[in-house]
Amino acid sequence: MKYMVTTSYIDVIGLIWMPAVQCSMRYTLTDYDIDICKDDEGKVTRESVDLWLSTHSGDFQGIDDWTASLEVDGETVDFEWAEEESEFKYIDTMGEYE
């Protein structure tokens, strides 16, 4: 027996509250969250995900950039980083240097 598990997530970078430093975080979204991310026409757009983040990212003073992979009505919707450097900033905040 096989099971397929799908996960929707948003990776963000931005300044946290205290101390005010650059951090990153992965938000795992539920089906309910995906429904909230839809715009008035029922589509998930970069702007509608921005709106969701503005009300669900309380750990951050502000979000600088984000990328996402969302399962919407049986299809995967991917959003890339808005800035090319953002992926490097995200990776830099994820671990320790050797």
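Numbers for the structure displayed
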| item | result |
| --- | --- |
| Residue in the range 4-18 that is of a type in the set (Gly, Ala, Ser) and in contact with a Phe, Trp or Tyr (Cβ under 7 Å, 6 or more places away or on another chain) present | yes |
| Check on Val12, at pLDDT 95 or above, of a type in the set (A, V, I, L, M, F, W, C) and touching an Asp or Glu at 6+ places or on another chain (Cβ under 8 Å) | yes |
| Residue satisfying all of: in the range 6-21; among the small types (Gly, Ala, Ser) and under 18 Å from the mean Cα position of the chain (by Cα); farthest from Leu70 (Cα to Cα) among these | Gly14 |
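The values are calculated or read from the model by the stated rules, or taken from the named source; none is laboratory data. Just so it is clear, the structure is predicted and the values come from calculations on it, not from any experiment. Neighbour counts are summed over all protein chains in view; Cβ atoms, including those assigned to glycine, are modelled from backbone coordinates with ideal geometry.
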